[in-house]
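Enquirer: I'd like to ask you about the structure that follows.
The values are calculated or read from the model by the stated rules, or taken from the named source; none is laboratory data. As the structure is a computational prediction, the values presented were derived from the model and not from experiment. As a convention, Cβ positions derive from the backbone with ideal geometry for all residues, glycine included, and neighbour counts pool all protein chains shown. Ligands, DNA and RNA are stripped out before the accessible areas are found, and what is left, the full protein with its side chains, is counted by its heavy atoms. Shrake-Rupley method; radii C 1.70, N 1.55, O 1.52, S 1.80 Å.
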Amino acid sequence: KLNRVDPQRIQAGRQLKVIQGPFAAVIDLRRFELTVHAHGYYVARFPIGIGKDNATPVGEFTVKDKLENPTYYGPDGVIAADDPNNPLGEFWLSIGDGYGIHGTIDESTIGRAESRGCIRLRRQDIADLYDLLTVGSSVIIRR
């Protein structure tokens with residue numbers, strides 16, 4: 001993605017940019033943004049949605065698990081992975097205790113405090129973040 005090249009079209013001898021991880025994320029709840037860095041260098045920044053009534057936890061976390069097409073388990077019941085009403089979108093990055101970083105089916109909530117506490121990103125942004133963070137990546141959430 002960084003090189004904007006289809007992996008099937010890479011040829012021998014072509015120069016590519018490669019950023020070595022590990023990647024980490026810092027989430028600023030007041031600014032509604034998530035910043036990705038590697039070795040102290042800026043990599044990317046994404047606008048986010050957060051939990052209402054200070055429901056998003058603050059502190060130091062790690063990515064515990066990663067899921068594509070996650071099933072939603074919540075107080076409203078279970079919503080299948082491929083259901084268009086699944087509020088998690090296409091990707092889930094668990095940070096523990098039921099909290100995570102995920103997509104959303106309602107991108108109008110980005111930049112607002114409306115969730116039960118999770119961090120939400122636009123469809124393309126969560127796809128990019130999912131590729132950068134790995135299990136064990138550091139996630140710092142601050143006010």
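Enquirer: Quick check: at a probe of 1.4 Å, how many percent of the accessible area of the chain sits on carbon and sulfur atoms?
Expert: Whole-percent figure for carbon plus sulfur exposure: 47.
Enquirer: What is the packing order of peptides 67-78, 8-19, taking the mean over residues of other C-beta atoms within 10 Å and listing the highest first?
Expert: 67-78, 8-19
Enquirer: Leaving out ligands and nucleic acids, note down the accessible area per residue over the range 1-131 with a 1.4 angstrom probe, in whole Å².
Expert: 62
Enquirer: Could I ask something else about it? Just order 21-29, 36-44 by mean Cβ neighbour count inside 10 Å, highest at the front, would you?
Expert: Ranked by mean Cβ neighbours within 10 Å, highest first: 21-29, 36-44.
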